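A.B. asks: My questions will all concern the structure given below.
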Amino acid sequence: MSLLTPLFLLGLAAVLVPLVLHLIRQVRAQRVVFPSLMHLQRVPEERVRRRRLKDWLLMAMRMTLLVLLALAFARPYWQGGVVPLFQPAERTSRVLLIDQSHSMQAGGRFADAQQQALDLIAAADGDELAIITFDDGAYLQADLTDDTDVLAQAVRRAVPTFRATDFFLAMQRAQEVLASALHEDQEVVLVSDFQQSGWSSAFDEWKLADGVRLETIAVGEAVSDNAFVEEANLTKTRQGATTQLRLDARVVQEGEAQPLTLTTQRDGAAQASARVESSASATATIQQVEERSGVYQAELTLGEEAAPWYFTYEVNEQPTVLVVDGSRRIRSSAAFFLQRAFDLGENAPFRYRQIQPSALSRSAARDAEVIILAGLDNISAGQQQVLLDFVQGGGSLLWSTDVAPTGSARGLAQALGLGTLGGVADARQTQGYEAIIGEVDGRHPIFRLFEASGTGAIFRAKFRQYVAVEADSSASVIARYDNNDPFIIEARQSLGHALLFTSSLGTRWTDLPINELYIPLLYQMASYALDDEAALAYTIGQPVSLPGGADWSVRDPEGRVVQVEPDAQGAVWFNATDRPGHYLATSGNERVPFSVNIAPEELRLAARDVEEAYATVVAPTQGDETGTVQEAALTPADLEERQQFWKWIWLLLIIVFLVETVLAHRPYATRST
Amino acid sequence: MTTSAPTRYIDPALLARIGNLELVARAVVEGFVAGLHRSPYKGFSVEFMEYRPYMPGDDPMRIDWKLYARSDRMYVKEFEDETNTRLRLVVDVSGSMDFASGDVRKVDYAFLLAASLAYFVQRQRDAVGLVLFDEALRVRIPPRSTRSHLQQILMHLEEAEAGAPTQMGKPLHDVAEALKHRGFVILISDALDDPQKTLDALQHIRYYGHQVLFFHVMDRQELEFTYDGPVEFEDAETGEIMLLDAGAAATQYKANVTQFIDDLERGCTQLGIDYTRLITDEPLDRALFDFLAFRAGKG
């Protein structure tokens, strides 16, 4: 037993007061010589004895009152959390966190976790429990209750998902639930495979609240061998009437690495394969030729045990480049040079079309794979939406200008996520000479060719004027002028992307069109637009943007159809990417196929050390250093606040006081003689 | 009963401070008598008993002028009461009488009373005798009506001290056996003994035809018992000590005392004995009145 405020025990000195008074009272009894004790002797002895006894009893009670008073103020508490002999059945409020992420499907882990949870429920004995299942989200299946039937049903209802793991969200949710707990003793029980990839750095700034205990239950045996495709890159190259497909895939092996075969399968049939080296991480390349245009959905497989990697790609016989020409000058206009670059006949890599801005419509955009905006100043709201839908639907937009941006142009730039268009910058005036290309992202597919060739010819192009742009934080500046202003900005929008060319593609502002690398640059940008294989593959839980303004029906890999309607802003988002496989979204005659894969980090089954995980969640304490279960450190004030002995002492004090009051004033019963 | 009697306002405590009992007795009696409308007592016929020399203060009417003529000396006649009105003052001088919660001890009060009665009776030329007793008879003076005899009585009263334990039985029985002639017996006592013993003894006295008046002397505290808190009561006679919560014991004590008084009073009534309870802080007038009433009733 310890005392929170021991100084109050000095008050015990007051206990001597009743004793001293009692003794003084006895010593100072008045002596009277009385004529005779004959009448006094007839006072019942019992009363005398009772009076003596009563005096001692009253003195003892008064001393007890003073002792209890001093003790109550001293605030005693029992260290160790458990009060022997006086520990009422302390109830616990407990949250069971059950991991239902994809990794829990391996090796019967989830069934094991369910059983562990059911066992805990059966042993609850009056405690209140809550059930939370989690993957990359946390879901309250049953709020705090002592109804074991409700809890057991919640556990049995749970099923593993294909989603990734987020332990942080789960812990936060658990703590939120405990905020309404009935009991002071609180605990979180984590039943999981403790997958390494599920632990984020968010725990650096957040810990489980003081006083909340954490118990960890690891389920599932370690998986010895595990192989999966972590990511894949599809490159399409148009060669005459065929399209060369190159699939570069990174294969990860956990456990003992062994040689594997990576195969593309489509409609159940193998298409091509490649050998994977026995390594923890290896790259394998599959090449195949597609002769017919169309949208294809295929899988990369490593065998029956490994999860396939799904992807969707489109093959175009002759992709269409649609130029929307808004320029008023003919010979210096971008359209003039663009036509010369692209319109090369039937065997050209691209089919060239050119329209006036007024002809830009949804139907016009539907047939194009690449749209180039050249010299547009006014873009109507309808045209903005057409362009936005085009990009979000997987199209590529290349936007160049040789006019000062208008409000509508600025609006389009914002909508595409490119940034804020400023005014026209004149390099000769601002820096005294024309700007040149100062820096390019050599790793970007557009410039990879130029880096590889080692030529610096592209840097000889001069730019007299350009539009100053403040790039959006989500956009990428892939090339800059020598004065560091953005030259080419890329923004991804759902399935497609937009490239902003801040100067003209004609000769009005630059001599780039007469540079020898003008056409290669254009072709690289156009080809880049056709390489959007990644945009057609999503991960579990990732929302998919569909062209807005219409209702869509989405069929998932199991054939279930989900209806999706536009939101208040007219955008259409499909969020039910809950399982891996091929999906098909349709709206009228429009079809958007896409694929969904399990997040690659979720495919890594390696588990984190449980003790390490525990230390991540629970703040450092001075308690148990050995076990995985460690009580959160409780200060003496916390212990005393939990036990609140002082209340019981005050109750006892009041009882003693009442008894003393009654006893002190109770008249003697007279005995009838 | 007049209200102008000076003794009515004489505090017994004041009287007790007067060292001379004779003076006190005279003051009490004279004052008492002076307040009466008329004296109901005429005295009794007496027979000459002896001469004694005249002393200043004697009643001149009692001077034997014939003898003076013969001897040139003044002698007064002393007469013996030839009636059976002999008054015996039986005074308790036991230790219990030596108690005072105020200024007057019970024994002092008893002596004042006895002295006053003796004076009063002697003034009426009645014979008065004295018995002092505790557990035995201590002083026994036969009744005489002479002045010298009164002084002898007063002297014994002045010299007597209370001390020995109370015995109401044997001493009073001895008194009963010692009284040769019928008369009046005035018992002045606190009677702190078994009431039955007291009554038996008084009955013995009554058996011999004596008229008995019992002055039951008590101190105020004996009656009211206003003690409170822890008190060590020491028996005045035995020295026994009893520690009590006086406040708690008061109720039962007073009940006991009331019973005791009732027993005595009832017993006296049954025996034809006049019973008067006197409190030591009350003037003696009442006692004298009661005595007069007693005399009138019995005489």
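A.B. asks: Can you name every residue in the range A:342-371 that is assigned to a loop (DSSP other than H, G, I, E, B), of a type in the set (A, V, I, L, M, F, W, C) and closer than 19 Å to A:P520 by Cβ?
C.D. replies: A:L344, A:A348, A:F350
A.B. asks: I'd like the full set of residues that are among the small types (G, A, S) and under 21 Å from the mean Cα position of the chain (by Cα), limited to the range B:200-238. Quick ask: steps written out before the conclusion?
C.D. replies: Going through the range B:200-238, the residues among the small types (G, A, S) turn out to be B:201, B:209, B:229, B:236.
Listed by number, the residues that qualify are B:A201, B:G209.
A.B. asks: When the range A:394-408 is examined, which residues are found to be surrounded by fewer than 21 Cβ atoms within 10 Å (Cβ to Cβ) and either assigned to a helix (DSSP H, G or I) or in contact (Cβ under 8 Å) with a residue 60 or more places away in the chain (or both)?
C.D. replies: Answer for the range A:394-408, where residues must be surrounded by fewer than 21 Cβ atoms within 10 Å (Cβ to Cβ) and either assigned to a helix (DSSP H, G or I) or in contact (Cβ under 8 Å) with a residue 60 or more places away in the chain (or both): A:V403, A:A404, A:G407, A:S408.
A.B. asks: So, B:A293, is that one free of Cβ contacts under 8 Å to residues at least 24 places away in the same chain, on the phi < 0 side of the Ramachandran plot, away from every other protein chain (no Cβ under 14 Å) and among the hydrophobic types (A, V, I, L, M, F, W, C) or not?
C.D. replies: It is true that B:A293 is free of Cβ contacts under 8 Å to residues at least 24 places away in the same chain, on the phi < 0 side of the Ramachandran plot, away from every other protein chain (no Cβ under 14 Å) and among the hydrophobic types (A, V, I, L, M, F, W, C).
A.B. asks: Now a separate question. Return the total of residues in the range B:197-230 being within 28 Å of B:L243 (Cα to Cα) and touching a residue at least 60 places away in the same chain (Cβ under 8 Å).
C.D. replies: Looking only at that region, the number is 7.
A.B. asks: Further question on the same structure: Considering A:D389, A:D402, which residue is over 33 Å from the mean Cα position of the chain (by Cα) and charged (D, E, K, R)?
C.D. replies: The conditions single out A:D402.
A.B. asks: Residues of the range A:181-199 being among the acidic types (D, E), surrounded by fewer than 19 Cβ atoms within 10 Å (Cβ to Cβ) and not in a strand (DSSP E or B), which ones?
C.D. replies: At the first step, the residues of the range A:181-199 found to be among the acidic types (D, E) are A:184-185, A:187, A:193.
Next, only the ones that are surrounded by fewer than 19 Cβ atoms within 10 Å (Cβ to Cβ) stay: A:184-185.
If the condition is that a residue be among the acidic types (D, E), surrounded by fewer than 19 Cβ atoms within 10 Å (Cβ to Cβ) and not in a strand (DSSP E or B), then A:E184 is the only one that fits.
A.B. asks: Filter the range A:369-389 for residues that are in contact with a Pro (Cβ under 8 Å, 6 or more places away or on another chain) and under 20 Å from A:Y528 (Cβ atoms); which is modelled with the lowest pLDDT?
C.D. replies: Checking each candidate, the answer is A:E369.
A.B. asks: Among the listed residues A:A232, A:A222, A:A257, A:A202, which satisfies the condition of being surrounded by 21 or more Cβ atoms within 10 Å (Cβ to Cβ) and modelled with pLDDT under 90? Steps first, answer last, please.
C.D. replies: Working: A:A222 fails: surrounded by 21 or more Cβ atoms within 10 Å (Cβ to Cβ); A:A257 fails: surrounded by 21 or more Cβ atoms within 10 Å (Cβ to Cβ); A:A202 fails: surrounded by 21 or more Cβ atoms within 10 Å (Cβ to Cβ).
A:A232 is the lone residue from the list that is surrounded by 21 or more Cβ atoms within 10 Å (Cβ to Cβ) and modelled with pLDDT under 90.
A.B. asks: Mind checking whether some residue in the range B:126-137 is modelled with pLDDT of 85 or more, touching a Gly at 6+ places or on another chain (Cβ under 9 Å), within 19 Å of B:D193 (Cβ to Cβ) and not basic (K, R)?
C.D. replies: Checked against the condition, which is being modelled with pLDDT of 85 or more, touching a Gly at 6+ places or on another chain (Cβ under 9 Å), within 19 Å of B:D193 (Cβ to Cβ) and not basic (K, R), the range B:126-137 yields at least one hit.
A.B. asks: If you don't mind, another one. Name the one entry in A:S103, A:S36 that is modelled with pLDDT of 70 or more, touching a strand residue (DSSP E or B) at 6+ places or on another chain (Cβ under 8 Å) and farther than 30 Å from B:T166 by Cβ.
C.D. replies: Exactly one residue qualifies, and that residue is A:S103.
A.B. asks: Output the residues belonging to the range B:272-289 that are away from chain A (no Cβ under 14 Å) and either farther than 30 Å from B:R123 by Cβ or not acidic (D, E) (or both).
C.D. replies: The answer is B:G272, B:I273, B:Y275, B:T276, B:R277, B:L278, B:P283, B:L284, B:R286, B:A287, B:L288, B:F289.
A.B. asks: Among the residues of the range B:168-176, is there at least one that is small (G, A, S) and touching a helix residue (DSSP H, G or I) at 6+ places or on another chain (Cβ under 6 Å)?
C.D. replies: Within the range B:168-176 (the criterion being small (G, A, S) and touching a helix residue (DSSP H, G or I) at 6+ places or on another chain (Cβ under 6 Å)), the answer is yes, since at least one residue qualifies.
A.B. asks: Continuing with this model, one more query. Please go through the range B:140-175 and give me each residue that is of a type in the set (A, V, I, L, M, F, W, C) and surrounded by 18 or more Cβ atoms within 10 Å (Cβ to Cβ), ordered by number. Break it down stepwise before answering.
C.D. replies: Within the range B:140-175, the first condition is being of a type in the set (A, V, I, L, M, F, W, C), and the residues that meet it are B:141, B:150, B:153-155, B:157, B:160, B:162, B:164, B:168, B:172, B:175.
The answer is B:I141, B:L150, B:I153, B:L154, B:L157, B:A160, B:A162, B:M168, B:L172, B:V175.
A.B. asks: Out of everything in the range A:464-480 that is in a strand (DSSP E or B) and hydroxyl-bearing (S, T, Y), what residue ends up being surrounded by the most Cβ atoms within 10 Å (Cβ to Cβ)?
C.D. replies: The extreme case among them is A:Y466.
A.B. asks: Okay, moving on. Could you pull out the residue among A:L23, A:L65, A:L19, A:L4 that is at pLDDT 85 or above and more than 10 Å from chain B (Cβ to nearest Cβ)?
C.D. replies: A:L65
The values are calculated or read from the model by the stated rules, or taken from the named source; none is laboratory data. These numbers were taken from a predicted model, which means no experiment stands behind them. Positions of Cβ are generated from backbone atoms using ideal geometry, with glycine treated the same way; all protein chains shown enter the neighbour counts.
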